[in-house]
Amino acid sequence: MIKLEKDEHLILEVRKHWFFLLTEICLSIIFILLPILLFPILDGLGLKVDTSSLSLAFFIYSLWVLIIWVIVFVFWTKQYLDLWIVTNHKIFAIEQHGLFKREVSVIHYEKIQDITYDVSGLIPALFSFGNLYVQTAGSERNFEIRGIKDPAYIQRKLNEILLKKQISN
């Protein structure tokens, strides 16, 4: 759990846009329905199904649906747990890698050199989502969060915070 300092307060929580989860769920539904759609094709090819093979097919299909359900759960978990927490002192970049690995990085405002974003493509432009990049000083790695809602607003808020920090120093 992330602990904030006494004079530190939360400004923003930045997550991926809902469009990504919706896309993954729609693809999963297609994969769930795919065997059902293929069944009439097999029947049209003259492959007759008796009751014993029907119960085996139902068992295999149930396993298939279970696997797809677990994959959707992993997608949702990653969607929910990938997060940037913006405070008045720093940015916490939290990335979930699979179910059992999480990486938490802290970006101090003093180290930030540049904040850029991009929105590329028709769908990102229509739904207003894109990528945000924070370039840091020195040997520290650069940070990026992909597929966030309204990256221009997030960039503007971060620039306001950086400007306030520079004026107060």
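For this structure, a couple of remarks:
- Evaluated over the range 11-169, the count of Lys pairs having alpha-carbon atoms less than 15 Å apart is 11 (only pairs 8 or more residues apart or interchain).
- Nearest 10 degrees, 0 to 90: helix 18-44 Cα axis against the chain principal axis: 10 degrees
- Using θ = phi - 60° and Karplus 6.51 cos²θ - 1.76 cosθ + 1.60, couplings along the range 63-76 (whole Hz; Gly, Pro as x): 4, 4, 5, 4, 5, 4, 4, 5, 4, 4, 4, 5, 4, 4
- Amide H partners (placed H, <5 Å) of G147, local residues excluded: G130, N131, L132
- GNM top mover of D114, D150, D82 - the chain, alpha-carbon springs below 10 Å: D114
- If you plug the beta carbon distance of N131 and L10 into 1/(1 + (r/R0)^6) with R0 = 22 Å, you get a FRET efficiency near 0.45.
- Taking Lys and Arg as +1 and Asp and Glu as -1, the other residues whose beta-carbon sits under 14 Å from that of W76 total +1.
- Using the Karplus relation 6.51 cos²θ - 1.76 cosθ + 1.60 with θ = phi - 60°, the per-residue 3J(HN,Hα) values for the range 108-114 come to 7, 4, 5, 8, 6, 9, 8 Hz, with x marking Gly and Pro.
- The chain, helix-only ellipticity at 222 nm - DSSP H runs n ≥ 4, -39,500 (n - 2.57), divided by all residues, nearest 500: -17000 deg cm²/dmol
- Local net charge near E13, Cβ-Cβ under 13 Å (Lys/Arg +1, Asp/Glu -1): +3
- Label assignment, semi-axes √(5λ) of the Cα gyration tensor in Å derived from the structure, set (1) 40, 25, 16; (2) 47, 17, 11; (3) 35, 17, 11: (2)
- Highest mobility in the GNM of the chain, judged by mean-square fluctuation with C-alpha springs under 10 Å and restricted to Y117, Y80, Y153, is found for Y153.
- A Gaussian network model of the chain, with springs between Cα atoms under 10 Å, assigns the largest mean-square fluctuation among F20, F100, F129 to F100.
Computed from the coordinates by the stated procedures, all read-outs in this text should not be read as laboratory data. Predicted model, so just to flag it, every value in this text is computed and none were measured. Every residue, glycine as well, gets a Cβ built from its backbone with ideal geometry; the counts of neighbours run over all protein chains shown.
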